[in-house]
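One structure is given here, and the rest of the page talks about it.
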2 protein chains.
Amino acid sequence: MPTSVEQVSAVMRVCNELKIPVVPYGTGTGLEAGSVSLTDGICLSALSIEGGICEVNEADFDVAVRPSITRKQLNAHIRDTGLFFPVDPGADASLCGMCATSASGTNAVRYGTMKENVRNLEVVLADGSVLHTKGEGVRTRKSAAGYNLTDLFIGSEGTLGIITKAVLKLHPRPQAQAVAMCHFPTVAEAVNSVVETLQVGIPVARIEFLDDVQVAACNAYSHLELPVMPTLAIEFHGQNEAEVSEQAKFLGDICAGNGGSAFEWAVELEQIEKLWTARHNAYYAALAMRTGAVGFTTDVCVPISRLAETIVETRKDLDEMNLKGAIVGHVGDGNFHVILPVFEENEQEMKVVHEFSDRLVRRALQANGTCTGEHGIGVGKIPYLQEEFGPTGIEVMKSIKRTLDPNNIMNPGKIFL
Amino acid sequence: MPTSVEQVSAVMRVCNELKIPVVPYGTGTGLEAGSVSLTDGICLSALSIEGGICEVNEADFDVAVRPSITRKQLNAHIRDTGLFFPVDPGADASLCGMCATSASGTNAVRYGTMKENVRNLEVVLADGSVLHTKGEGVRTRKSAAGYNLTDLFIGSEGTLGIITKAVLKLHPRPQAQAVAMCHFPTVAEAVNSVVETLQVGIPVARIEFLDDVQVAACNAYSHLELPVMPTLAIEFHGQNEAEVSEQAKFLGDICAGNGGSAFEWAVELEQIEKLWTARHNAYYAALAMRTGAVGFTTDVCVPISRLAETIVETRKDLDEMNLKGAIVGHVGDGNFHVILPVFEENEQEMKVVHEFSDRLVRRALQANGTCTGEHGIGVGKIPYLQEEFGPTGIEVMKSIKRTLDPNNIMNPGKIFL
């Protein structure tokens, strides 16, 4: 539990010399076991580094944070500035950890993922040297200076270095917000509404999909009475109510044209929270379909033109394989999750679950997609990464890894073997 | 002049074996001599690769192009789809070349730079192997799979490989457009208007600054009668005229609050073109201040909070050093250029010009800025890159270079020595 960057650096120098594996640990909220120790070695908690929120530059819309700061803590701290940090994975994760896993969430469709929201990183490398990925202190909106090291570390899952500070981009908090829910006869009609929405450039803040099983689970868990149909939950952000209404009117027309129901609609914060309850609690609602079960979550992402067929075939698989699973997705980005409540001690069941997951990933790859939209590779998706990138891509990644970490001490066994 | 990726690959295999330097050449429109050959070796024109526009995926807002396609050709080709590619450096550059130099332009403030607009790259590496930076065929909006190789090649200026195909993100073409010009008593008041505009989240498509010298040069060159004052040229994009008017009204109030003139205003395409003439021809107008001169251009970028002081001090330097120079900038991004009409054969003059440029870059670096917002490092900015990144950053870049190009045959002598 080092308290300073100097201490992290000193620890790394020793570990590198003695070839001791180091697993960086943040809030431990990642879903792909990125912070699990697979070998002997040390676990280095980055949360103990002192400093917290180092600086807020309101006029430049940026902020520098140490690993101890989570996304909710940051947003609470800057509430009075009129700015906010948009990236919102399910957990209240460490922001530096979110850099390491290339996190995103429900409003990436408008505000981007971590990759689009980081200006600079401070990283302690395997040999203990301290790298500023954009040069020390640089925090411009853009740059064409040298190799793009910042984005090399975003999504590196602790295998290239320990992120000890992140300079993040902030956004103006919307002056007006509204939320709508819309129910569709079929998955295809819901997804087509999303495509048309993006096509006309309506800047929706969130556009989330819940399939009928997920809606039924949410009804049961959150005591709601939503129609048990494929559903879109949409959030609008704007400078004023007129702008938000305009966006909603446009989108209402698009949804109606695709057989969608009239909007259930909310503009007051309290109502908005209530409507989002179903989406926020989707994971727990899905788990509650089987008492005592734990969650197994998939994370494929495909081009939007392939999304409807991918979801339909996934549902077919679930039904044919007799698996209970709910589908929920960041459909504006083509990313969706299947949440399966499972009993891990049941080997036969887990075999079927893994077969289902395997079919799903292969289907996504065949549809020009990726095995992970936002959770990362961690341990379980190593074989899929190889399939997705092929030997040349994997060899380039490995060669970078060998260069920056010749003793393979940084989170070994993650991303690739 | 290879006609296929296989030929590029075969050429690279031979050159790598024989250690022959290879300089990739696109449209040759870069401003930092990235495509100039410094040593013996071959110049490989990527423009001859056949294929042009390989595929357009309208529903997914993406397109795949070979190096022969320029940004204007692409936009002409997809005119009927309702989509467009926004990144617009001054020249009609090759899109693959724009990837290599991490280009941006006037509307990056809304649509981002190349970094934000590429989904996948095909790259022939130094050893002839063919890399797909996101895996072959993958073209999702987001991904958390493995190291972010795409962004490693964006801005690598031909030193890591030859970009032979780019999968680019497209955007819905705005249904309504408007342009406004506004004149300010001081630079600070113009820049403050930009900060406030971003703060309230008005999604301006372009917000360009011209200083009084630039305005005077434009008046002379384009036969205009603009007030010779610090000026903002602003473009609004929206789904309809109401939205555009709303944005303009907001911004008009902000400018008025900072001492700005009433908007000169245009909504018809022809009028818009006329108002943008001043900005489009800024470079040639600045050159015309001295008959027979050629252009010397700077490219610093700073956080917006430091922009006004940086521009004011730069103007002071120009005046005190008795240099003719016009200032024009993508102020929404904190990026501005000084265009100096120079006589390169005048050694004494060039010494002063370089001293001016040096002071400017150092000032930008001290203001948490970068030596290049969008033109790249090429040859001339190598010392500044070292200053900006320090020894650790440069060593990380060099180690990646050595790994991917152990014989240093890819565009040697660019970015670093």
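Rounded to the nearest 10 degrees, the inclination of helix A:187-199 to the longest alpha-carbon principal axis of chain A is 70 degrees.
Each Cα pair under 8 Å and six or more residues apart adds its sequence gap; the mean of these over the residue count of chain A is a relative contact order of 18 percent. Give the angle, between 0 and 90 degrees and rounded to the nearest 10, that separates the Cα long axis of helix B:269-280 from the longest principal axis of the Cα atoms of chain B. With both axes taken from Cα atoms, the answer is about 80 degrees. Per-residue mean of foreign Cβ neighbours for A:56-63 is 5 (Cβ atoms of other chains, 10 Å radius). For A:THR27, the residues 5 or more places off, or on other chains, whose built amide H falls under 5 Å of its own are A:SER94. Axis angle, to the nearest 10 degrees, between helix B:307-320 and the longest C-alpha principal axis of chain B: 80 degrees.
How far, in nm, would the chain grow between B:THR3 and B:LEU38 when pulled straight, counting 0.36 nm per residue and subtracting the alpha carbon separation? Provide the component values of the computation, followed by the final result.
Values: separation 35, 0.36 × 35 = 12.60 nm, distance 2.48 nm.
In short, 10.1 nm is gained.
Would you please report the Å³ per residue occupied by the convex hull of the alpha carbon atoms in region B:70-200? Present the calculation step by step, with values, prior to reporting the outcome.
Details: hull volume 20.6 nm³, N = 131.
Taking only Cα atoms, region B:70-200 has a hull volume of 157 Å³ per residue.
Residues whose amide H lies under 5 Å from that of B:LEU83, counting only those 5 or more places away or on a different chain, are B:ARG173; hydrogens are built 1.01 Å from N in the peptide plane. Amide H to amide H, with H built 1.01 Å from N, A:ASN107 comes under 5 Å of A:ASP88, counting only residues 5 or more places away or on other chains.
Could you please state, rounded to a whole Å, how far the C-alpha centre of region B:141-183 is from the C-alpha centre of region A:200-255? Here the answer is 29 Å between Cα centres. Only Cα sites of region B:293-417 enter the Debye sum here, all with the same form factor; the resulting log10 I(q)/I(0) across q = 0.14, 0.15, 0.17, 0.20 1/Å is -0.66, -0.74, -0.90, -1.11, listed in q order. Placing a label point 7 Å from Cα along the Cα-to-Cβ direction at B:ASP358 gives distances to the equivalent points in the other copies of 6.5 nm, listed shortest first. Summary of packing: across the peptides A:343-349, B:27-33, A:131-137, A:160-166, the per-residue average of other C-beta atoms within 10 Å ranks them, highest first, as A:160-166, A:131-137, B:27-33, A:343-349. Using a probe of 1.4 angstrom and keeping all protein chains present, the accessible surface of region B:5-172 works out to 32 square angstrom per residue. Mind checking how much accessible area A and B bury in total, 1.4 Å probe, in Å² rounded to 100? Buried surface at the A/B interface: approximately 6700 Å².
Once you reduce region B:1-27 and region A:304-379 to the center of their Cα atoms, the two points are 42 Å from each other.
For the segment B:116-126, counting C-beta atoms of other chains within 10 Å of every residue's C-beta and taking the mean gives 1.
Couplings 3J(HN,Hα) of region B:389-399, computed from phi: 9, x, x, 5, x, 5, 5, 5, 4, 5, 5 Hz, in residue order, whole Hz [Karplus 6.51 cos²θ - 1.76 cosθ + 1.60, θ = phi - 60°; x for Gly and Pro].
Share of Cα-Cα pairs in region B:176-367 beyond 22 Å, in percent? Write out the running numbers ahead of the final one.
Details: 8381 of 18336 pairs.
Of the Cα pairs, 46 percent sit more than 22 Å apart.
What is region A:176-367's relative contact order, in percent, from Cα pairs under 8 angstrom and six or more apart in sequence? Don't skip to the end; give the middle numbers.
Details: 348 pairs, mean separation 53.6, N = 192.
RCO, region A:176-367: 28 percent.
Looking at region A:176-367, the accessible area is 40 square angstrom per residue; that uses a 1.4 Å probe and ignores ligands, DNA and RNA.
Taking each residue in B:386-397, count the Cβ atoms of any other chain within 10 Å of its Cβ, then average. What number comes out? If you can, show how the numbers build up before the last one.
Details: counts 2, 1, 9, 11, 5, 1, 9, 12, 3, 3, 14, 4.
Per residue, the number of nearby Cβ atoms from other chains is 6 on average.
Taking the Cβ of B:GLU246 as the centre, find all other residues whose Cβ is under 10 Å away and add up their charges (Lys, Arg: +1; Asp, Glu: -1). Charge balance near B:GLU246 sits at -3. Counting only DSSP H runs of at least 4 residues, each contributing -39500 (n - 2.57), and dividing by the residue count of chain B, the helix-based mean residue ellipticity at 222 nm comes to -11500 deg cm²/dmol.
Please compute the net charge surrounding A:PRO174, taking Lys and Arg as +1 and Asp and Glu as -1 over other residues with Cβ under 13 Å from its Cβ. Kindly include the intermediate steps, with their values, before the conclusion.
Values: positive: A:ARG110, A:ARG173, A:ARG206; negative: A:GLU235, A:GLU241, A:GLU243.
Every neighbour counted, the sum reads 0.
Remark: region B:344-360, residue by residue, has Karplus-estimated 3J(HN,Hα) of 5, 6, 7, 4, 4, 4, 5, 4, 5, 4, 5, 5, 4, 4, 4, 4, 5 Hz, where x stands for each Gly or Pro and the curve is 6.51 cos²θ - 1.76 cosθ + 1.60 at θ = phi - 60°.
At q = 0.22 Å⁻¹, work out log10 I(q)/I(0) for region A:78-141 with the Debye formula, treating every Cα as an identical point scatterer and leaving solvent out; two decimals please. Results for region A:78-141 at q = 0.22 Å⁻¹ read -1.03. In terms of overall dimensions, chain B has a Cα radius of gyration and Dmax of 21.7, 65 angstrom. Phi angles across region B:151-159 convert, under the Karplus curve 6.51 cos²θ - 1.76 cosθ + 1.60 with θ = phi - 60°, into 3J(HN,Hα) values of 6, 5, 8, 6, x, 7, 6, x, 8 Hz, Gly and Pro given as x. Can you give the charge dipole size of chain B about its Cα centre, rounded to the nearest 20 debye, using +1 on the beta carbon of Lys and Arg and -1 on the beta carbon of Asp and Glu? Using only the charged Cβ atoms, the result is roughly 900 debye. Ranking B:THR39, B:VAL5, B:VAL118 by how far each Cα lies toward the positive end of the dipole of region B:1-131 (charges on Cβ) leaves B:THR39 at the top. With heavy atoms of protein chains only and a 1.4 Å probe, what residues of region B:289-314 have at least 20 Å² less accessible area in the full set of chains than alone? Relative to the lone chain, where solvent access is computed with a 1.4 Å probe, region B:289-314 loses at least 20 Å² at B:CYS301, B:PRO303, B:ILE304, B:SER305.
The alpha-carbon atoms of the protein assembly as shown, seen along their principal axes, cover 83, 61, 55 angstrom, with the largest extent given first.
Here the accessible area of the protein assembly as shown is 51 percent carbon and sulfur, with a 1.4 angstrom probe and all protein chains present.
The values are calculated or read from the model by the stated rules, or taken from the named source; none is laboratory data. Just so you know, these numbers come straight off a predicted model, no measurement behind them. Note: ideal-geometry Cβ built from the backbone for every residue, glycine included; neighbour counts use all protein chains shown. These area figures cover heavy atoms from the full protein model, side chains too; ligands, DNA and RNA do not enter into them. Shrake-Rupley method; radii C 1.70, N 1.55, O 1.52, S 1.80 Å.
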